[in-house]
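**Student:** Shown below is the structure under consideration.
Please treat every number below as a calculation from the coordinates, not as lab data. Bear in mind that the values here come from a model prediction, so they are computed numbers and not experimental data. Quick reminder, even Gly has a Cβ in these numbers, built from the backbone with ideal geometry, and neighbours come from all protein chains shown.
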Amino acid sequence: MLRRSTLEIAIDTTKEEDYLHALTMFLDVYGTEDSPPLSTGKAATGLSYFGLCLALVQRKFKQGVDLCKRAIDLEFYNGDHYANLARVYLAAGQRKKAVDTAEAGLKLAPENEELMKVRGDIGVRARPTVPFLDRSNPINVSLGQARHAKKVAEGKTSPPRRRKRKS
């Protein structure tokens, strides 16, 4: 019984976005990230949130993705698992996979609030300024940056996030 209540508390702590504290509780419940049990629905939910915590706190994206996918294998109908996997992909810088995961989850659980929130947070890319040119064409890049700067100046959107460049 103690493990079950600790697991529920860890899940709730993750939902409150206290990822470090939740991760320590998950590690107490599961032992390590290598072999958590996967027999019940509550365990599947725990795996999903444990994967999210691993990715966000320790930057262990592969293990986070694997745990979320194991949770989806156990409960494919639970939109929270898809939302957590999408968050892990976003944290790993894999926006396309995050969008695909959120869309797949919304097909199975269209009313899931967490999934709709994640999909809204991801957002939708604007069309290229000059549609017949490739998105990466320097003309589209420059005009897109100017369009975005104008929106920021008008207060319609937030400034762009700085991306880490690969060396």
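**Student:** Could you list Leu133, Leu47 in order of exposure, starting from the residue whose Cβ has the fewest other Cβ atoms within 10 Å?
**Tutor:** With the sparsest Cβ surroundings first, the list reads Leu133, Leu47.
**Student:** Under the rule a/c < 1.5 gives rounded, and otherwise a/b versus b/c splits prolate from oblate, where does the stretch 52-167 land using the Cα gyration tensor?
**Tutor:** Since a/c reaches 1.5 and a/b is larger than b/c, the shape of the stretch 52-167 is classed as prolate.
**Student:** If the cut-off is a Cα-Cα distance under 18 Å, which aspartates and glutamates reach Lys96, setting aside same-chain residues fewer than 8 apart in sequence?
**Tutor:** Straight-line reach from Lys96, under 18 Å: Asp66, Asp121, Asp134.
**Student:** Let me know the volume per residue of the alpha-carbon convex hull for the stretch 2-124, in Å³.
**Tutor:** That works out to 89 Å³ per residue.
**Student:** For the stretch 2-124, build the charge dipole from Cβ charges (+1 Lys, Arg; -1 Asp, Glu) around the Cα centre, then report which of Tyr77, Phe50, Gly64 sits farthest towards its positive end.
**Tutor:** Gly64
**Student:** Given charges of +1 on the Cβ of Lys and Arg and -1 on the Cβ of Asp and Glu, with all other atoms neutral, how large is the dipole of the stretch 2-124 about its Cα centre, in debye to the nearest 20?
**Tutor:** 400 debye
**Student:** Follow-up. Quick one: Lys156, Lys97, fewest Cβ neighbours within 10 Å first, how do they rank?
**Tutor:** Ascending number of Cβ neighbours within 10 Å: Lys156, Lys97.
**Student:** Okay, next question. Using the basic label-point model (7 angstrom from Cα toward the beta carbon), what is the Phe76 to Leu143 distance in nanometres?
**Tutor:** 4.3 nm
**Student:** As an exercise, use a Förster radius of 22 Å and the Cβ-Cβ distance of Val130 and Lys96 to find the FRET efficiency, rounded to the nearest 0.05.
**Tutor:** 0.50
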